[in-house]
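Student: Sharing a structure, written as structure tokens. Questions coming.
The values are calculated or read from the model by the stated rules, or taken from the named source; none is laboratory data. Quick caveat: nothing in here was measured; it's all calculated off a predicted structure. Cβ placement follows ideal geometry from the backbone for every residue including glycine, while neighbour counts extend to all protein chains displayed. In case anyone asks, the SASA skips ligands and DNA or RNA and just uses the protein heavy atoms, side chains included. Shrake-Rupley method; radii C 1.70, N 1.55, O 1.52, S 1.80 Å.
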Amino acid sequence: MRIATWNVNSIRTRVGRVVDWLVREDIDVLAMQEIKCKPEQFPAAAFEDAGYELAVHGLNQWNGVAFASRLPLDDVTTSFPGMPGFLKGEEGPGLPLEARALGVTVGDVRLWSLYVPNGRALDDPHYRYKLDWYAALTAHTREELARHPGLALALMGDFNVAPTDADMGDPSFVPGVSTHISPPERAAFEALEAAGVQDVVRPLVPQGYTFWDYKQLRFPRNEGMRIDFILGSSAFAEAVTDAAIHREERKGDAPSDHVPIAIDLGLDADDDDRPMIF
DNA sequence: ATGGCCTCAGTGTGAGGA
């Protein structure tokens with residue numbers, strides 16, 4: 001089974017490219033972020049004609065998350081319990097939720113497509129929102145794994161944090177000034193991992209970015225950032241057999257500014273110590 | 001090579017992205 005995540009930066013603009021890639025790479029389940037449309041605007045036919053069913057969560061022209069899958073999608077969940085909302089100029093609880101989280105179950109595997117808030121600037125209310133969003137996601141993840149020990153769970157998407165200095169290659173992001181590299185953001189990412197999910201791509205792909213800004217020749221200069229991840233529970237991580245960051249998808253006409261990340265899941269049939277997931 | 005912002009709503013220009 002091949003699973004992938006991709007911040008597509010508008011699915012209506014990218015539909016041909018995305019479906020071509022799914023078919024070419026034999027992807028079974030794709031988590032998308034920044035679809036930038038409502039469900040009724042989603043170009044569903046192109047996916048369905050290629051053999052994929054959809055789960056779409058979009059409220060307006062911003063954010064938006066979705067799944068495309070060749071396998072049945074069950075237990076579709078929009079937003080996770082405790083997820084904070086946001087409304088410019090206002091603060092406190094009860095603000096409207098944005099379309100940033102979508103959970104599905106495929107077989108016995110629980111998957112989330114996540115688009116973590118950007119933060120905008122260290123002194124912007126959006127930064128507090130980002131940290132609160134991380135805290136709520138961490139609490140939910142911890143509770144979910146406590147409730148279902150041994151669950152194969154993966155959090156996939158755009159986490160908007162470069163966890164290490166090697167993950168930040170964009171010179172416009174300055175320590176002490178910029179988002180994505182601040183100690184509180186990095187601590188929030190580490191706290192999420194400590195809740196019981198680990199980066200299942202980095203051990204197999206130690207180097208490489210997943211995002212390059214459209215501006216200032218960032219891609220030709222390879223001044224990118226590694227901010228898209230697949231974080232898996234122990235049961236999920238043990239089933240990962242391969243991983244790849246598809247850097248080629250940043251080339252050519254009308255690319256997203258993010259590239260897809262794909263992993264293979266499988267099991268050694270002779271190893272009875274491992275849980276049988278598929 | 002991979003090339004100097006892009007997308008959306010809406011029709012002029014602001015918001016948002018990272």
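Student: Suppose the chain between A:Lys251 and A:Asp49 were pulled fully straight at 0.36 nm per residue; how much longer would it get relative to their current alpha carbon spacing?
Tutor: On the way: separation 202, 0.36 × 202 = 72.72 nm, distance 2.55 nm.
In short, 70.2 nm is gained.
Student: Please check: in the Gaussian network model of chain A (C-alpha springs, under 10 Å), which one of A:Leu87, A:Leu153, A:Leu59 has the largest mean-square fluctuation.
Tutor: A:Leu87
Student: Give a quick list of GluC sites (Glu not before Pro) in segment A:83-135 that DSSP marks as loop, anything other than H, G, I, E or B, with at most 11 other Cβ atoms within 10 Å.
Tutor: Hits after loop and neighbour filter: A:Glu90, A:Glu91.
Student: Note down the net charge around A:Glu98, summing +1 for each Lys or Arg and -1 for each Asp or Glu among other residues with Cβ under 14 Å from its Cβ. Could you put the intermediate results ahead of the total?
Tutor: Working: positive: A:Lys36, A:Lys38, A:Lys88, A:Arg100, A:Arg120, A:Lys130; negative: A:Glu34, A:Glu90, A:Asp132, A:Asp158.
Taking every Cβ under 14 Å from that of A:Glu98, the sum is +2.
Student: With all pairs of different alpha carbon atoms counted, what Kirkwood hydrodynamic radius in Å does segment A:1-135 show?
Tutor: One decimal place: 15.4 Å for the Kirkwood radius.
Student: Which lysines does A:Lys215 reach when only Cα atoms under 23 Å apart count, and residues fewer than 8 places away in its own chain are ignored?
Tutor: Counting by Cα, and skipping residues close in sequence, A:Lys215 has these lysines nearby: A:Lys36, A:Lys251.
Student: Further question: How many Å³ per residue does the convex hull of the Cα positions in chain A occupy? Numbers along the way, then the final one.
Tutor: Numbers: hull volume 35.2 nm³, N = 278.
In chain A, the Cα hull volume divided by residue count equals 127 Å³.
Student: Among A:Gly85, A:Gly169, A:Gly252, which one shows the highest mean-square fluctuation when chain A is modelled as a Gaussian network with alpha-carbon springs under 10 Å?
Tutor: Fluctuation is largest for A:Gly252.
Student: Check A:Ala152: other-chain or 5+ apart residues with amide H under 5 Å from its amide H, H built from backbone geometry?
Tutor: Close amide H contacts, sequence-distant or interchain: A:Arg110.
Student: In deg cm²/dmol, rounded to 500, what helix-only [θ] at 222 nm does chain A give when every DSSP H run of at least 4 residues adds -39500 (n - 2.57) and the total is split over its residues? Spell out each step's value before the answer.
Tutor: Values: 5 runs with 60 residues, N = 278.
Helix contribution divided over all residues of chain A: -6500 deg cm²/dmol.
Student: Find, among the trypsin sites (Lys or Arg not before Pro) in segment A:203-267, those assigned to loop by DSSP (not H, G, I, E, B) with at most 15 other beta-carbon atoms within 10 angstrom.
Tutor: A:Lys215, A:Arg221, A:Lys251
Student: With every protein chain present, what accessible area does A:Thr5 have (1.4 Å probe, heavy atoms only), rounded to the nearest 10 Å²?
Tutor: It works out to around 0 Å².
Student: Given an 8 Å cut-off on Cα distances and at least 6 residues of separation, report the relative contact order of segment A:149-278 as a percent.
Tutor: Once divided by the residue count of segment A:149-278, the mean separation gives 29 percent.
Student: Ok, one more. DSSP beta bridges in chain A, what fraction antiparallel, as a percent rounded to 5? Provide the component values of the computation, followed by the final result.
Tutor: Values: 38 of 50 bridges.
The antiparallel fraction comes to roughly 75 percent.
Student: I need the trypsin sites (Lys or Arg not before Pro) found in segment A:80-155, filtered to DSSP loop residues with at most 13 other beta carbons within 10 Å of theirs.
Tutor: Sparse-neighbourhood loop trypsin sites (Lys or Arg not before Pro): A:Lys88, A:Arg120.
Student: Can you give the net charge of the other residues whose Cβ lies under 14 Å from the Cβ of A:His57, counting K and R as +1 and D and E as -1?
Tutor: -1
Student: A:Asn63's amide H: which non-local residues (gap 5+, or another chain) put their own amide H closer than 5 Å, with H modeled 1.01 Å from N in plane and none for Pro or chain starts?
Tutor: A:Lys36
Student: Now a separate question. Using θ = phi - 60° and the Karplus form 6.51 cos²θ - 1.76 cosθ + 1.60, what ³J(HN,Hα) does each residue of segment A:18-25 get, whole Hz, x for Gly and Pro?
Tutor: Rounded to whole hertz, the list is 5, 5, 4, 5, 4, 5, 4, 8.
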